[in-house]
Amino acid sequence: MTRSPSPGASAGTAPSVLFVAPDRTRADAVAAALDRHDVSVTVEFDLGAALARIDDRTVDCLLVPRQFGEHTAADVVALVRDRHPDVPVVLLGPGQSDDGDEGGGTDPFAADPTVHRVSDDVDSISYDRLADRVRAAVARYRSSQAQRTERDIVSRLERRIQRTERKITSLHGVAMRLASASDADDIYEETVEAAERILNLDICFAFEAEADRFVPRAQSSTPTDRELRPVPKDAGAMGETFRTGESHRAVDMELHAFGRPEFGDYRSGLSVAIGSFGVFQAVSEQTGAFDEIDLELAELLVAHTNAALQRLSFERRLRVERDQYAALFENSADCIIDSEFVDGESVIRAVNPAFEATFGYDESEVVGRAIDDVVAPDDRLDEAAKLTEMVRAGDFVQTEVRRRTADGEKDFLLRSVPVGENTIYAVYTDITARRDVEREVEAQNRRLDEFTSVVSHDLRNPLSVATGHLDLAREAVDNDHLAAVARAHDRMNALTEELLVLARQGTDAFATTPVSLAETAERCWENVETGDATLVVASDRTVAADAGRLHQLFENLMRNSVEHGSTGNRTVSGDAVEHGSPCDSGSDDSGQDRVTVTVGALDDGFYVEDDGAGVPPELRSRIFDSGFSTGTAGIGFGLTIISNVADAHGWTVSVGESDAGGARFEFTGVETES
């Protein structure tokens, strides 16, 4: 029978008393009285049942009469102490000795502080005093239990700390072994073995990350329920751990966001990322098998694993780079000197075969000597010393130099390549042949300048004199032959201009800017003698081009079209013949042919066409050849200029037939401006 605390009393703090009552009447009276004093009372009439409740450790105090049937108080206390040595016992009733004598006997409980006596008889007891005695006994008991619990907790923590310290010390030894491992398999195996032996993680394993999956690399001696197999890289806790780098501790995998692993019916687990290399996991069939200390120790072990794998990866990359440097050094077509700075000088440690072949010095002749003493000409020692100082200061050097070889001086491109804290590769690329070509080109350009000077001055001056005398002769004499001489002079002047354009195309600066096709075409039309010809501009597209050269292109195309179309009053020139034979394309009142020139846009360029006679198909593949002509009035350079301008821009030029039957020039591969 149980009586609950009275209303307002706290069940969590009210003493819980077990009253072993001799009969129901007394039990009800005591329970009711203590209930009024906020003492929770449970009544048992059987001593065996009462002792069973004591075994459950669910009571704070035992209240028994001095005499319970045949059992004396000493008998009851002895039975209680066998089951619970600390629970307080309150003896109820007048005192008596253990042998039943009234008074005068020795108190058998004098040495037991947990036995308390209330000498009042059950029928005349002071319940206030009884309640005070019970509360005092329970308070001392609870305090004692709290102190014992605290001591137990401290003791367990101390033992846990000692075990953790031993594990940490053991993990330092593991770290030393991992640091000396030369193979990734050994590192994974050592990690799992240490987790099992030191951290007591009986079922654990390590997976390595590949392109799209995790591959098992090592597992504990206790196997998993199912064979370890590769796992998709985005699967479960393993994928999440690797992706985020954050460790996971699953107290109950049924409640964990990632569920149970695929290789067994496990209830709890740990998951720790091995850096960028993979994931370490431990599992257990028990719920809550791992605490935070287990996770922290696993993280410490895996940190050593990650460091070892990083070292191995770095050493592997270092070997590859060393091999690459060695291969580059030995097989490079460039001359390479391996040097180090000693007392401010760059001293040769080794040279590659290309150096021996190009400079003509055997490695044994130059090792140990300063680079400048070996290859710098006497008149360039100051320049070489400045370059050495720049390299020593950490500057990157790339410059053309003149250096001494066994066969004389040659031109080189020098580059400094730092390969160590105090080590430099001096790389010499032989550019002698290129410099010879450049010098030859410079000489050719000088000769070309001289040629253009002859053309522009020495040829033009006599032509100007001849033209002046022709004008005087025509004023004095009216002769058709003089008109032919005038046309010849015009042709000579046009050829002179075209030769100058061709000569300058290879030397003038080239720079592209946004250029309007419409504005360029209209401006060029004004610069050409067009007669009664007509210009039609069918596009206002803007293209990326060199403005000056685009002018040359348009002027030559327009001149050719006009000369081809206007054949009624003149002999066909060499350039006009390039467009084909004359034909009627419309005449004015004087009988002269009129031509229409059209400039328009293509998807990736533009075109220029006319409505003249066009270019015969059999001639289209040859008309851009320098000097090509089918006429009798001389050679032609206009279309060669056009081809050169297109080539300079990277355009493709082709010739075809316009809708009106005339010539159509298309330029494609043209960069347009939005």
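The values are calculated or read from the model by the stated rules, or taken from the named source; none is laboratory data. These numbers come from a predicted model, not from an experiment. Every residue, glycine among them, receives a Cβ derived from its backbone with ideal geometry; neighbour counts consider all protein chains shown. Areas reflect the complete protein model, heavy atoms only, side chains present, ligands, DNA and RNA absent. Shrake-Rupley method; radii C 1.70, N 1.55, O 1.52, S 1.80 Å.
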When only residues in segment 385-440 that are outside any strand (DSSP E or B) and among the hydroxyl-bearing types (Ser, Thr, Tyr) count, which is farthest from the chain's Cα centre (by Cα)? 432
Output the number of the condition that residue 271 fails; it satisfies all remaining conditions of (1) over 20 Å from residue 181 (Cβ atoms); (2) open to solvent by 20 Å² or more (accessible area, probe 1.4 Å). (2)
Search segment 602-640 for residues being at pLDDT below 85 and β-branched (Val, Ile, Thr), and hand back the single one that is surrounded by the fewest Cβ atoms within 10 Å (Cβ to Cβ). 632
Scanning segment 641-671 residue by residue, those closer than 16 Å to residue 624 by Cα, open to solvent by 10 Å² or more (accessible area, probe 1.4 Å) and β-branched (Val, Ile, Thr) turn out to be 652, 653, 655
Set 109, 68: member being open to solvent by less than 70 Å² (accessible area, probe 1.4 Å), touching a strand residue (DSSP E or B) at 6+ places or on another chain (Cβ under 8 Å), closer than 30 Å to residue 148 by Cα and modelled with pLDDT under 80: 109
Filter result for the condition that a residue is of a type in the set (A, V, I, L, M), open to solvent by 50 Å² or more (accessible area, probe 1.4 Å), at pLDDT 75 or above and not in a strand (DSSP E or B), over 34, 79: 79
Return the residues of segment 190-216 that are open to solvent by 60 Å² or more (accessible area, probe 1.4 Å) and either within 23 Å of residue 310 (Cα to Cα) or aliphatic (A, V, I, L, M) (or both); say none if nothing qualifies. 193, 210, 211, 212, 213
Select, from 365, 356, the only residue that is without any contact (Cβ under 8 Å) to a residue 12 or more places away in the chain, in contact with a strand residue (DSSP E or B) (Cβ under 9 Å, 6 or more places away or on another chain), over 30 Å from residue 188 (Cβ atoms) and assigned to a helix (DSSP H, G or I). 356
Number of the condition not met by residue 428 [criteria: (1) over 22 Å from residue 325 (Cβ atoms); (2) open to solvent by less than 90 Å² (accessible area, probe 1.4 Å)]: (1)
Give the residue, chosen from 354, 298, that is open to solvent by less than 30 Å² (accessible area, probe 1.4 Å), among the hydrophobic types (A, V, I, L, M, F, W, C) and farther than 22 Å from residue 424 by Cβ. 298
If we take segment 184-262, then strands (runs of 3 or more DSSP E) inside it with 1 or more residues that are of a type in the set (Phe, Trp, Tyr), in contact (Cβ under 8 Å) with a residue 12 or more places away in the chain and farther than 18 Å from residue 171 by Cα are 203-209, 213-219
